[in-house]
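Encoded as structure tokens, the structure appears first; notes follow it.
The values are calculated or read from the model by the stated rules, or taken from the named source; none is laboratory data. Because the structure is a prediction, the values reported are computed rather than measured. So basically every Cβ, Gly included, is an ideal-geometry build from the backbone, and we count neighbours across all protein chains shown. With ligands, DNA and RNA removed, areas are computed over all heavy atoms of the protein, side chains included. Shrake-Rupley method; radii C 1.70, N 1.55, O 1.52, S 1.80 Å.
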Amino acid sequence: MNMAAQMKDAEAPVLEVRDLTRVFSIGKSWLKEGKPLRAVDGVSLTVKRGEVLAIVGESGCGKTTLSRLMLGLQQPSGGDIRVLGEPLVGVDRKAFARRVQPVFQDPYSSLNPRKTIGQIVGDPLIIHNVGAPSERLARVETVMEQVGLPRRLVNSYPSQMSGGQRQRVAIARALVMKPEVLICDEPTSALDVSVQAQILNLLQDLREELNLTYIFISHDLSVVEYMADYVAVMYLGRFVEVGPAKQVLNTPKHPYTQALLDSILTPDAHLGLPQLDLRAGFPDPLNPPPGCRFHPRCVKAMDVCSKSTPKMVRIDDTDVECHLYPAKD
Amino acid sequence: MTRADSGASQTSEPVIDVSGLNVDISVPAGILHAVSDVSFSVGPAETLSLVGESGCGKTITSLAMMRLLPRSAKLTARHIRFDGMDITNYTEKDMTRLRGNRMGMIFQDPMTSLNPVYRIGDQLEEVYMRHRNASRKEARERASFLLEKVGIINPAQRLTQFPHQLSGGLRQRMMIAMMLMCEPKLLIADEPTTALDVTVQVQILQLLRSLQKEFSMAIVLITHNLGVVARMADKVAIMYAGKVVEQGSVQDVFDRPTHPYTRGLLECIPRHGLTAGHDKLGSIPGIVPSLVGKVTGCSFRNRCLHAEEVCAMRDVALRPVKDNHDYRCLFSPEELAGAREGVAAQ
């Protein structure tokens, strides 16, 4: 399907997600059925080794649920996740965790304050029963060096470190098991700009050095432009535009992508605030609007938009889901 | 989209005029010099932005203006003049009359600054009833009027809701409406859009700008987002380790950043056209120094490309790049620019 089909010819993808769906039941009790909330609704993506796919969208669009599904922290309601061709849905959490590792947003709450850095980074090795203690220590020290943490910090606690150092610890912990895919959920949004730059540079270096694959979740499009090869724009549980980063960011097709790009505030003191082509009001995900889910906010909405759901079409190398680009039958 | 609309009249009396502000905080290890020698003024309908990274003293500066500092903090200043009165030595009682009335503050996270157990309406009305001796009915009318102003559809219904029933963007609009109840002359906004989505951020900033014009408010905008500063502010003060290292109009500072820290910050931002794998973001090595105890010399010297021995020995005063554009460094703008090219050439 769309991106998946196109890329199959080149090389087996590292991560392949197909028609992934997660439905939550809201307000469910023993008396009544809950209302379905489709947090992730039929998402497909494919990432090859060494590539970075960025997922952008506003809060509530389902990007965090999607990342939790890909981490195996939640079971999908439907669809399939494969790493190097092997299915991961339904397999043991531990096997999943060897393949896919997270780096979370807030390095202040994602590290156990009572453990030393060496323990935090080395814990996955113990859990997965890898190597003898001395080998583990050697591995921990190697990874710490890779992420730019001095060896002497091995016995320090997270509270003794700065935000940037903590995020390096989180990255080291993710790398220690040599995973295939790193899922970075807003990895720099809790950090100061100068530290953000250090961490982004580190992630780029590690990707080259270790040939890593990233799923990079962010709402900051200038960071995304710097990091990503492919960009997926998510709105209310669905990808509305997916394609090579250059195309999506330079010639956006979906009106929502356009609005997101317009809202980037570049540090140019001669420009005022941008005018957004976007109507107010994020929709209620429990009662998504009929037809195209974006139509109530869209300035280009037509009659057809409230009536039928648009089909994904391919323009150049980008897949877009919008009635402005009608599917050819 | 151009900046023709910006720039308040320079002739009018400043709303807030801070001169020589110092805040020292007692901590177990000694005295922490959180803010040293900060001076600025903001006129009606003008926006000043305080920029810097965590711990640089920007929030402490704003709390000092509102006199909301913790008890362990000691404030000294040549003067803090608000609307012509020196409020440096105002008592708590005097300040209570000003806060929420003539000076307002909005914070980063609207969820923690609204009371979760009271309805939105009660919280908005209380401000007006208290400061203006108004009746509940008058206060309710004013609240609905302002909710409409901040772009909320169906205000009557919204007033009966609780904060948790609203989205982040709506809550921030509520906070802004609450601050406008008494038409303050000064609004201090501490990271007002950091917790919001990018599209909502633009909408809230536009709202603040249009309300600022309408009510002729002075805004002190505290943020670490240089994009927000460039697009929103008229003047900017870059803070590092409790001191202002560069200040001036946004155009001057962003077009001709002079202090090495300002330059470093601007180079850290990913720009359009930088591509993954090919270009490196600039970054500032090292970390912010401790501010406990006596600080001599330039506090940026340990992270500075230009630092020489003399930087550790002499305190540096702010000095002009040109009129109304100051920086705090021993080297001249030409020396800093030249040395930089030298580094780049290597």
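Data table
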read-out	value
Residue count, the range B:242-256 (criterion: surrounded by fewer than 24 Cβ atoms within 10 Å (Cβ to Cβ) and over 15 Å from the mean Cα position of the chain (by Cα))	5
Within the range A:48-61, considering residues that are within 14 Å of chain B (Cβ to nearest Cβ) and open to solvent by less than 10 Å² (accessible area, probe 1.4 Å), the one farthest from A:Gly237 (Cα to Cα)	A:Val52
Residues of the range A:212-232 classified as in contact with a strand residue (DSSP E or B) (Cβ under 6 Å, 6 or more places away or on another chain), β-branched (Val, Ile, Thr) and within 12 Å of another protein chain (Cβ to nearest Cβ), total	2
Among (1) out of contact with any Ser or Thr (no Cβ under 6 Å at 6 or more places or on another chain); (2) open to solvent by less than 10 Å² (accessible area, probe 1.4 Å); (3) over 27 Å from B:Leu196 (Cβ atoms), the one test that A:Leu31 misses	(2)
Criterion violated by A:Arg166 - all others in (1) surrounded by fewer than 19 Cβ atoms within 10 Å (Cβ to Cβ); (2) at pLDDT 90 or above; (3) within 14 Å of chain B (Cβ to nearest Cβ) satisfied	(1)
Filter result (open to solvent by 70 Å² or more (accessible area, probe 1.4 Å) and either touching a residue at least 12 places away in the same chain (Cβ under 8 Å) or of a type in the set (Lys, Arg) (or both)) within the range B:129-148	B:Arg130, B:Arg132, B:Arg136, B:Lys137, B:Arg140
Yes/no for A:Pro102 being within 30 Å of A:Ala138 (Cβ to Cβ), in a strand (DSSP E or B) and modelled with pLDDT of 90 or more	yes
Residue selected from the range B:155-201 under the condition in a helix (DSSP H, G or I), more than 14 Å from chain A (Cβ to nearest Cβ) and touching a strand residue (DSSP E or B) at 6+ places or on another chain (Cβ under 9 Å), by the criterion nearest to A:Pro274 (Cα to Cα)	B:Ile176
Single unsatisfied condition, B:Tyr90 versus (1) in a loop (DSSP other than H, G, I, E, B); (2) closer than 18 Å to B:Ile219 by Cα; (3) aromatic (Phe, Trp, Tyr)	(2)
Residue list for the range A:264-299, filter: within 8 Å of another protein chain (Cβ to nearest Cβ) and touching a residue at least 24 places away in the same chain (Cβ under 8 Å)	A:Ile264, A:Thr266, A:Phe282
Matching helices (runs of 4 or more DSSP H) fully within the range B:208-317 where at least 1 residues are within 12 Å of chain A (Cβ to nearest Cβ) and among the polar types (S, T, N, Q)	B:250-255, B:260-268
The range B:151-170 residues that are touching a residue at least 40 places away in the same chain (Cβ under 8 Å), paired with ones that are open to solvent by 70 Å² or more (accessible area, probe 1.4 Å) and of a type in the set (A, V, I, L, M, F, W, C) (beta carbon under 9 Å, 6 or more apart)	B:Gly151/A:Ala280; B:Phe162/B:Val117
Number of positions in the range B:8-54 that are open to solvent by less than 20 Å² (accessible area, probe 1.4 Å), away from chain A (no Cβ under 14 Å) and among the acidic types (Asp, Glu)	1
Condition check for B:Val228: open to solvent by less than 30 Å² (accessible area, probe 1.4 Å) and at pLDDT 90 or above	yes
Condition met for A:Leu278 (surrounded by fewer than 16 Cβ atoms within 10 Å (Cβ to Cβ), in a loop (DSSP other than H, G, I, E, B) and at negative phi)	no
Filtered residues of the range B:155-200 (kept if open to solvent by 30 Å² or more (accessible area, probe 1.4 Å) and under 19 Å from the mean Cα position of the chain (by Cα))	B:Arg173, B:Lys185, B:Thr194, B:Ala195
Filter result for B:Gly151 (surrounded by 14 or more Cβ atoms within 10 Å (Cβ to Cβ), closer than 19 Å to B:Thr112 by Cβ and at pLDDT below 85)	no
Residue, farthest from A:Ala174 (Cα to Cα), within the range A:244-263, restricted to residues that are of a type in the set (Ser, Thr, Tyr) and not in a helix (DSSP H, G or I)	A:Thr251
Unique residue being open to solvent by 30 Å² or more (accessible area, probe 1.4 Å), aromatic (Phe, Trp, Tyr), closer than 21 Å to B:Ser62 by Cβ and out of contact with any helix residue (DSSP H, G or I) (no Cβ under 6 Å at 6 or more places or on another chain) when the list is B:Tyr90, B:Tyr118	B:Tyr90
Among (1) open to solvent by 10 Å² or more (accessible area, probe 1.4 Å); (2) in contact with a strand residue (DSSP E or B) (Cβ under 6 Å, 6 or more places away or on another chain) - the single one B:Glu126 does not satisfy	(2)
Test: residue in the range B:60-77 that is part of a strand (DSSP E or B), under 14 Å from the mean Cα position of the chain (by Cα) and not charged (D, E, K, R)	no
Complete set of residues in the range A:125-149 that are open to solvent by less than 40 Å² (accessible area, probe 1.4 Å) and closer than 26 Å to A:Gly163 by Cα	A:Leu125, A:Val140, A:Val143, A:Met144, A:Val147, A:Leu149
Qualifying residue in the range A:72-88 (condition: aliphatic (A, V, I, L, M), at pLDDT 85 or above and closer than 17 Å to A:Leu236 by Cβ)	no
Residue check, B:Ser62 of a type in the set (Gly, Ala, Ser), under 18 Å from B:Ile25 (Cβ atoms) and open to solvent by 20 Å² or more (accessible area, probe 1.4 Å)	no
Test result for B:Thr262, among the hydroxyl-bearing types (Ser, Thr, Tyr) and more than 18 Å from the chain's Cα centre (by Cα)	no
Top-ranked residue of the range A:251-263 - restricted to ones that are open to solvent by 20 Å² or more (accessible area, probe 1.4 Å) and more than 10 Å from every other protein chain (Cβ to nearest Cβ), ranked as nearest to B:Thr47 (Cα to Cα)	A:Gln258
